Each structure stands twice: as C-alpha cells, then as structure tokens.
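Chemist: Below are the structure tokens for one structure; questions will follow.
The values are calculated or read from the model by the stated rules, or taken from the named source; none is laboratory data. Values in this document were obtained by computation on a predicted structure and should not be read as measured data. Positions of Cβ are generated from backbone atoms using ideal geometry, with glycine treated the same way; all protein chains shown enter the neighbour counts. The accessibility values were calculated without ligands, DNA or RNA, using every heavy atom of the protein model including side chains. Shrake-Rupley method; radii C 1.70, N 1.55, O 1.52, S 1.80 Å.
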There are 2 protein chains.
Amino acid sequence: MANPIVLEKIKREARSKSKKEIIKEPIDGVLRIIPLGGLEEVGRNLTALEWRQKNGQSEIIIIDVGIGFPESEIMPGIDFIIPNTEYLEKNKENILAILITHGHYDHIGALPYLLEKIGNPIIYTAPLTKGLILKRQADFPEAVKPAIEEIKKTGYRPIRLGHFTIEYFHVNHSIPDSLGFFIKTPVGNIMHTGDFKIDFTPVFDQPADLGRVVQLAEEGVKVLMMDSTNANNPGHLVSERKIMENLELIFQKAKGRVIAATFASLLERIQQLIYLSGVYGRKVVIEGHSMKINTEVAKRLNYLSYPKGIFIRPEESLKMPPHQVSIFCTGSQAEDGSVLSKIADREHRYFRIIPNDTVVFSSSIIPGNENVVQDLKDVLVRQGAKIIHYQMMDIHASGHAFADDIRLFTSLVKPEYLMPVHGYFHMQKAVEEIGVELGLPRENIIIAQNGSVVEVKSNKVVLSQERQPANLVYVDGLGVGDIGEVVLRDRQTLAQDGIFVVIVTVDSQTGDTRTSPDIISRGFVYLKESKELLRETRDLIKRVIEKNVRFLGEESPIIQDEQIKYRLKEEVAEFLFKRTKRRPMVLPVVIKI
Amino acid sequence: MANPIVLEKIKREARSKSKKEIIKEPIDGVLRIIPLGGLEEVGRNLTALEWRQKNGQSEIIIIDVGIGFPESEIMPGIDFIIPNTEYLEKNKENILAILITHGHYDHIGALPYLLEKIGNPIIYTAPLTKGLILKRQADFPEAVKPAIEEIKKTGYRPIRLGHFTIEYFHVNHSIPDSLGFFIKTPVGNIMHTGDFKIDFTPVFDQPADLGRVVQLAEEGVKVLMMDSTNANNPGHLVSERKIMENLELIFQKAKGRVIAATFASLLERIQQLIYLSGVYGRKVVIEGHSMKINTEVAKRLNYLSYPKGIFIRPEESLKMPPHQVSIFCTGSQAEDGSVLSKIADREHRYFRIIPNDTVVFSSSIIPGNENVVQDLKDVLVRQGAKIIHYQMMDIHASGHAFADDIRLFTSLVKPEYLMPVHGYFHMQKAVEEIGVELGLPRENIIIAQNGSVVEVKSNKVVLSQERQPANLVYVDGLGVGDIGEVVLRDRQTLAQDGIFVVIVTVDSQTGDTRTSPDIISRGFVYLKESKELLRETRDLIKRVIEKNVRFLGEESPIIQDEQIKYRLKEEVAEFLFKRTKRRPMVLPVVIKI
C-alpha cells in the first residue's frame, strides 16, 4: 500500500512540474508594474503587476488595497483617499488575485470600497492580516464579502497564478505577520519588500527571514521594489529590544497608573506593554474601538501572549490601586474622539487623570499633528499627569528600514534593477543613491510615480511613456470621488477669510433695487462691530446695480444677471480687500421680482 | 587740578549712592510679575513687572513686546497674534520702560502695534536689536517712533528706573546680542534668562557670560525666570561649532551651487554660511526680503564679518560657475511667497534649480509645516537638486537650552524661587522637576499662565488669585482684535464641509414661495453632479416653508422670519447630513415680497 503522504507529494510535484513546463514555453510578453495608490508615496496603497502577452492576453495581480490619509491643510474635511482603480476596473476580468503584505489600513483599508469594483478577486495574505480584513469588513455590512486564502509562514508553499508564481518571506514591521513577496514571472523575478524593517532582536516577533530572502534571491532578482520611507535616515533603525528596555524603565518608576497611547495597529508595541504590565503586577484595560478590535483579533488568532486574567474592564480598574493598573488606548495623535482626547476633555466615560498617572506617547507624531499633540500634552499635564514621549527617550521605533538596513537588504539581494516605492520622491532618490553606491548603474534605478507603467522585458526594464489615471479619489462622509480640486480650493478659501453673501432684490420692471441689500457673512469679521463697513458696502452694491442696470431691457435677462453678478463680485471683493486686507469669498445673489 | 575722569567717577558714585539710599528706605510694597504675551507659552511675547506700594504708587517695566504665530488648523487665516495689553493700557502712565532681550519677532514684533497704546515708553536693548526694531518700524510709517536707549555689553552700566535697578548679561541664542536681565527690586532680585542657550564654543559669538551671571547671583536671586522651551530634551544642546563642522562637509562636497534656506533671523547660521562661502571660494547672494533686511542691519552694525566683495547680485551669479556661488534665502518652512517656494514653482525672477545644486534646510521645521516642507523637498528633488536637511545630519541647533543646560544654569544661580517661562505647561513642569531635583521645595516653583499675577514679597513668592486679561488678540490683514472665537469657529466649519446657502422668496400676502428656491453652495459637493440631491433639497425647502407659513399673519413678521429660517436651517442640515454624512454650514435667507 502506498504511503498516502508520499503519494500526495508525488502528485503535487507532478502538478507543479507540469505548470513549470507551461511557463517555460516560449512567450512573447511584457510585465507591467503599475503603482496606483498613495498621495506622493509611490505604490504605498496599491500596485498592479500585469503580465501582458503580444496576443493581447493579460493577467493582473494586485499588491495591497489601502487608503491614504489626507494632508489636512490642503484637503480640508477629507476623511481619506482611496486609490484610483480606473485601469483595474476596465481590466477586472484579468485580475487573478490580490496579495496583501500586512494589516495596516494604508494596505487593507480600501478593500470595502474597491473589492466589488475590481471583481472581488481572491485575496492571499497571512492569518493576522486576514483577521483584520474580516474585522474591518464587518463595519461595511453592504460591501461584498471577501474571499481570503491564508498564507502559512511554515512550509512556504508557492502560489501559482497564471504565469505568476508567488513566494513570500517574513519581514519585521510594526505589526506581526508582515510579508514581502517574491514574484516569478516569465521575464524575471520581482521582489517586493512590503513595509519592512530588519530587527535582529525583536521582542515578540521572529527576525526578518533574511536566510529565505537570500535563498530566493539566488534565483535572480530582476527588480527589487524597496520600501524607501526612511531612506533619508542614516544608520540602522533601533531594535524593538531597546524600546522594550526603555518602556520597562517607565514601568519601574511609575507610581500610579500607566496610560500608554499608541497606534491601534502597532500590535508589537501593545504586546510589549501587556508583557511589562504582567511583569510589574498590573492589570490591563484596552480602550478605544480600533485598539479593542485589533487586540481582539490578535488574541483570538494567538498573536498576543499574556497571563490569564490580565485584561479587566475599565470599571474594575477604578476599584484597584492605581499602581496595579495599565490603560492602553488610542489618541497618540490627539485625534478628535480618541480615548486620550476624551480623557483630557473630561468626557471619557470612566477615566479622568488622577495624581501620579504616567501618560506615555509611544508613537511618532504624524506630520501635521504636532500642534494638537502639543496642546493635548499640555492639558494632560495641567490635570496632573506625567508625560513621557518619544523625543525624551527611545520609546518608539519606526516600522520602516533606515538607510543602512536598505543597504544591507539590497546587498543581500543583488537585484538587477532597484525600484524605490512607498516614499516621497526625495526618499526614492535617497534609495537611488544607495543603489548607485552599491554599484548599480544609475539607469537601473526605476523612479516611478503613481500611474507610471514600468515595463519589464527579459532583456531590460524601462519606465514607459504610458500613464494610467492615478489622481486622488477623495472620500468625505458617504461621498467617494465626488470631491475634486475645485471643492477643496473653495474650502481653503473659505477657511482663510470666510464668506460674504450679497443678496439684491431687483424690480425687473423698473430696475430699482427693492429695500436694502441683504448681507450674510461668516468667518470674515464680527458683523456687529463692522456696521460702518457694512453700510459702505451696501452703498457700493446699490451703485453697482445702478451702473449696470441699463443692461436690463437691452439684452436677455440671463446675461444681465450674470453681468451684474460678475460686477458685484469684483467690486465688493476689491472694496473689502482695500478696507480689511482680507479676501472673503464673495457670493452675489440677484433676485428679480 | 583734579583728574576729570576721577572726578566724574566720584560724581557718579555719589549719584548712585544717593539713589541706593532712597531705595533702602523702608518700603511696604509688592512686586507683581504678570506674563501677558504668547499663546500657551507663558510670557513668551511680553511680561510686565510692576512694583506696587501700599500707598497705591505703581511702577511698571515691560520685558519684550513680540508677536505670536497662529496654529494654522485652529486659527485659519490669522496672520499673527499680539499680546493683550488691556492691563498695561489702563496703567500706561506708570510704565517706566521696555526691556528687550533680543531681536526676534516673537520679542520685538508687536512694538508697531502696541507702543502707542502703552504710552511709547523708552526701550532699552542691545545695538543689533535696536537696529532690527528700527528697520521693522520702517514698514509701519504711521506708527509712533520708538525711543531706544542702547545697552552696551562692555562696562555693564546698571539702569535705574524708579525702584528698579536693571543689570544685564550676555547669553547665547540663535541671534547675536541676546540678553538676560537681572532686576533688583526692593523685595529681592529677579533674574530673567531671556531666550537662551549655553554654548561654550560658539563660532561667531562669545560664550554666554556665566561668570557675570554667577557674580550677579551672589547678590541673591529671589526668582529665576527660566526659558523652558527645551526642558523636555535630555542632555546638553549641541554647540554651533559642531553645526559649522557639518556645514563645512556640505561645502566640501558640493559640486554646484549651495542654496541654503534658514530663518531670516538666524543670523548666527547666516554668518557661518557666509564664512564657509569665503573659505571655499564662493560669492554670496542673499535673497528674500526679511533675510536681506536682517543681514543689512547686521552688516551696518558690524555684526557680520565677511571678506570684501563676497556679496553679489543675483544676476551676477548667473554668469559665474555654479561651484563659485552660494545663495542664502528664506523658505525653510515652505512659506508661500518665500524665495525657495518661488524657485520650486519656477516663479523666481532669477533662479531655477540646475543640476548639482545642493539645497540645505538649515532650520528645524515649525510644527504644522511638516507636510508642506515635505512637498517642497519633493519638488526640488524632482527638478534635480540634492537636499540636505537637519534630520540627516546636525546642521541646525535650537536656540534654547536643553535640560542639562537648565540644570547647570539653575545650579550656578541658586535661586530661591524658580519660574519657568516661554514654554508650554508641560515644558514648565519639566523645569519644575529639574528644580526639585536640585533641591528646591516644590512650592518654590512658580507655574504661572499668561494673565497670572505672581506676587513677590520680601518673605515669600506666591501665585495670586488675581487674573489680568490675556486672551489672544488676532491680527488678520488690517484688523487687529476684530477676529474672535466665533469667527474662527465659522472658518473651521467652512473648511470642513463648505457652505450651503438657501434663498427662498416668499409672497408676504399669500405665503407662497415664488419660483424655485435658489441654492448656492461652495466646498460641499460638485453641484453639477448632485442634481438629484439638489432637487430633493428644494422639495424639502418648499415643504418646510409650507409647514411654517402659518406663522405668517399670526405673529409679527420678524419672528416669523426667524422661525422659518431656524426650521430651514435645522431640516436642511439634517437632510444633507443623512444623505452625505457631511455638515456644511447652512445659511437660510428668506426674502419677503
């Protein structure tokens, strides 16, 4: 009797061999790499890999489907940004699968918005990422249900999809189960680091599997797609071990509660904090919707280790001595409605700052949030908290490799071409310098933009002239893509000097203005204290109407309206600027009766 | 014949003795320290010291009269903030003088706005600061002309003003001629550090005169007012010498032009850059209004040393080999209209980025500007520039002492009371910890706010219950103080989701709405693509009018209007939110004909 396991193995090899043979038949095609997601950061949220044959046949795989976060000054009111998928929607029948590198929102967050539009292809990802995708999907009951195939980190079974064969490897990042991909194609192998760092001494993760990376790279790497986020930061990134040591100092010294705010997705840090709480005899309260969700998923899937009974409810913690309590929560960016902001505003259901509380900000500050975080710290200190933040000691490490880590990885992989992704242009250029320094010809560094099409042929890789639509798609409330540059520019203008609405009622028979013009203004000046200004503006309005009313009767009514409105807008705006050096948005309304 | 110099000396001593005797007569009074300027940073822009006797006599001296910079997210459109001087205006006949610590705008910038209001008292300051004050004054031809008495840094002649005797000492900061003050009063001596750091090896300045500080402190320091800006930063601040060494590396390597952007007021850095240009055979172009002004003043007053002929005009530089040219300019914060922004936008009159340009950002990024600076760097790199910024190497040092420097200074001075100023509350608290660590009782740390009144008596110092008006005074265009919280809140709302103006014309006889309601909206949605939404909104508006029109005829017309408007606003806002999850500002206008 044949051993069933051996039998299965033989079958499998046969299958895989036959596929390999298919792939090896002479093929005339090109691999196209198309980064489509992200603001300035190339391919941060979504990248498409398309195998296109001369006969027109196309096969597409997608890496990550995430959201981008708005720059608040220039995108007021925008909730977030999703990748432009025009190209993918047109070609959705060719999409074979989505590969997801890890569970952060900038890599999974747009799935509920886009999955259906691109034909709901199968998703391959690691177990924790799968858990987080499904949990997020629960917030979108009307969205299509995703089909997810789990990638196992033991056994490393390659995924075969059309002409692609996908291998993967473990990297470090600020969330467990982060993957890099190694994608074999008929014209060469593409390696994608994902969001990665190299930590030789992580605390609750395995070190990035550089052994496997080298092994894979031995098959040749045509293009290495490299996380460039921190390419401008010299040296090696500090290890999570060092962070843990510093966090331990805080636990040693804290006389009251330890309240630690961090990103809800920073599971590695949360694990460290839970562990230290256990060691120092503290119970743990997890507060904040997203942090609860993330820890719940991680607990359920055994990605968190913790002593039994360590988690307690907030109301239980209130009955305990403060030095036996840790609270881990959202709000390190002082976001509206986050737990820390609510505590500071004395609006949290359970918690107020009490003497001896130590508040730890264990995360970097996202550019644009510095002022509000500064204000939040101030309020907390006023209420009696002791603050510890990452500028005072290393209690936060980035999730992205520094320059020397990029050097190390690139040296191990020895790619033919280097394509920096996930960074601003100047970060890409920093990777370029590293590549050149390591001996790559400068023309072998591919600096793409979102919407670029990189063509990989067996003999060369070039940035083609072709461009696919990659303009930003804004999500604001329920609206997806209905906000454009004009609306945003209006919001900016409104924010600067407010609005000034002028309403004139004109008798269409006589051309006289009826009563005094109405003026409504917001965000410009205190109207009550500007009576003189308003009086003069009303006089001006009447003069403008009188001067322009001769158009009435001569031309068609519509043109008259537009002419009067145009003059009103120009003259009122100019007058207000002369008098106040401010430029409110002037909106004239002419009502004819 | 008597030696005239000796004679003069004897006379002077006699004068000073007689004054001392006056001061020594028994006095029953209190010294009041009142910080009035700054946002959250206590006394950053203005502090008043008032000697008040039981008989009601009052004498006031003011330290600094500067402007504050708005937090752009919560103060949209505001140009800057000036101190609230209500208290000083009421007591202006008692103001003896203004002492200015140094020439930065947050310490001199409000003079043109406030001098006249507070009775144009005499100003005491160092020569460079005087030059900068007069230069700025030239931009305000209508403002009152300031009377400035120069403080000489050699000879150290005390200034006697009523019951005050003012001594001063040299400190390091990012601009030359920075002073700290030592103010003798009948109830004890107040030492004020000014904005300060301690640099033992400055490049173009003298080290802070700690010898003199110690000498003065030997007379006893009742209250030490301490710059707390960087109290949360551990260790000692890096010396300007180190900065200079790093800048030199840049000059050594640069193949083309060196374009360095920094704060116009950072004269120390500008001096370093000019010096290095000389050493490396480069001519220097200074570009940008404020930087030109500052260097002009510094040159004229001999605060800049430079080889003859090093300065050239921009058009001359275009004819020279790039490696012989340096350009120093404004724009390190990516400010609109700054030189660097203009170069990036290809709108500068003379300069475009050319290959091999090295652009140096030699300044920290002011919180809130990170995103725009990031974008600016990206644009410059795209145009071919090489970027060097302070996160890549130490090419910028703060102007404010770090924790260990504060420890050192406080240890030398041994004050009875320590009063942290010029920082957010959490920075003040960091100074408190340092003070306690050095052996001061915690009750001897004075944590004041703007508007606080600190009472210094001969036997104790207390924070009184009294509060003077210290709310922010906003300057926007020509308006000073005419923007309040309501206007700012409106601007924030407008920025978030725009505006939605509803105009209904109602026949006051019949109560019918005439024609279709007008809708004007900006910053909310694309109206053209929202026809269905607009149609439904118009229907809703008509229904609201119909439902509420019964008020017409029953009550007085004014109340009817308000009632209808209120209902319109509520119901339209609710409808729009339900349909879009956005909350534009709804402005209803009812026109009765």
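Chemist: Could you run through segment B:433-487 and say how many residues are within 24 Å of the chain's Cα centre (by Cα) and within 14 Å of chain A (Cβ to nearest Cβ)?
Modeler: Going through segment B:433-487 one residue at a time, the tally reaches 21.
Chemist: Being outside any loop (DSSP other than H, G, I, E, B) and at pLDDT 95 or above, is that true of even one residue in segment B:63-82?
Modeler: Yes.
Chemist: Kindly evaluate A:TYR424 against the criterion of being open to solvent by 10 Å² or more (accessible area, probe 1.4 Å) and within 14 Å of chain B (Cβ to nearest Cβ).
Modeler: yes
Chemist: Checking B:PRO322 against (1) open to solvent by 20 Å² or more (accessible area, probe 1.4 Å); (2) under 22 Å from B:ASP205 (Cβ atoms); (3) in contact (Cβ under 8 Å) with a residue 40 or more places away in the chain, which test does it fail?
Modeler: Single failed check for B:PRO322: (2).
Chemist: Only residues that are within 11 Å of chain A (Cβ to nearest Cβ) and surrounded by fewer than 20 Cβ atoms within 10 Å (Cβ to Cβ): list them for segment B:497-515, please.
Modeler: Selection gives B:ASP507, B:ARG514, B:THR515.
Chemist: Can you find a residue that is surrounded by fewer than 20 Cβ atoms within 10 Å (Cβ to Cβ) and at the interface with chain A (Cβ under 9 Å from one of its Cβ atoms) anywhere in segment B:394-407?
Modeler: Within segment B:394-407, none of the residues are surrounded by fewer than 20 Cβ atoms within 10 Å (Cβ to Cβ) and at the interface with chain A (Cβ under 9 Å from one of its Cβ atoms).
Chemist: If I ask for residues that are open to solvent by less than 40 Å² (accessible area, probe 1.4 Å) and out of contact with any Gly (no Cβ under 8 Å at 6 or more places or on another chain), which ones from segment B:462-474 would you list?
Modeler: If the condition is that a residue be open to solvent by less than 40 Å² (accessible area, probe 1.4 Å) and out of contact with any Gly (no Cβ under 8 Å at 6 or more places or on another chain), then B:SER464 is the only one that fits.
Each row is one residue, and each column tells you yes or no for (1) of a type in the set (D, E, K, R); (2) crowded, with 16+ Cβ neighbours inside 10 Å; (3) in contact with a Leu (Cβ under 9 Å, 6 or more places away or on another chain).
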residue	(1), (2), (3)
A:ILE108	no, yes, yes
A:LEU115	no, yes, no
A:GLY131	no, yes, yes
A:ARG136	yes, yes, yes
A:ASP139	yes, no, no
A:VAL144	no, no, yes
A:LYS152	yes, no, no
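Chemist: Restricting the search to segment A:82-103, which residues are of a type outside the set (Val, Ile, Thr) and either without any contact (Cβ under 8 Å) to a residue 12 or more places away in the chain or under 19 Å from A:LEU472 (Cβ atoms) (or both)?
Modeler: A:PRO83, A:ASN84, A:GLU86, A:TYR87, A:LEU88, A:GLU89, A:LYS90
Chemist: Is it the case that segment A:59-68 has a residue that's closer than 26 Å to A:ILE483 by Cα, under 13 Å from the mean Cα position of the chain (by Cα) and either within 14 Å of chain B (Cβ to nearest Cβ) or surrounded by fewer than 22 Cβ atoms within 10 Å (Cβ to Cβ) (or both)?
Modeler: yes
Chemist: Quick one: is A:PHE328 modelled with pLDDT under 95 and closer than 24 Å to A:TYR280 by Cα?
Modeler: Here the answer is no, as A:PHE328 does not meet what is asked.
Chemist: Shifting gears a bit: Looking at segment B:345-355, which of its residues are within 14 Å of chain A (Cβ to nearest Cβ) and at pLDDT 95 or above?
Modeler: The answer is B:ILE353, and nothing else.
Chemist: I would also like to ask the following. Limited to segment B:359-374, what total is found for residues that are crowded, with 22+ Cβ neighbours inside 10 Å and within 7 Å of chain A (Cβ to nearest Cβ)?
Modeler: Qualifying residue count for the region: 1.
Chemist: Right, another one. Mind listing whichever residues of segment B:115-145 are over 21 Å from B:LEU161 (Cα atoms) and not in a loop (DSSP other than H, G, I, E, B)?
Modeler: B:LEU128, B:GLY131, B:LEU132, B:ILE133, B:LEU134, B:LYS135, B:ARG136, B:GLN137
Chemist: Now for a different question. Based on what the data block shows, is A:ASN450 touching a strand residue (DSSP E or B) at 6+ places or on another chain (Cβ under 7 Å) and part of a loop (DSSP other than H, G, I, E, B)?
Modeler: In short, yes.
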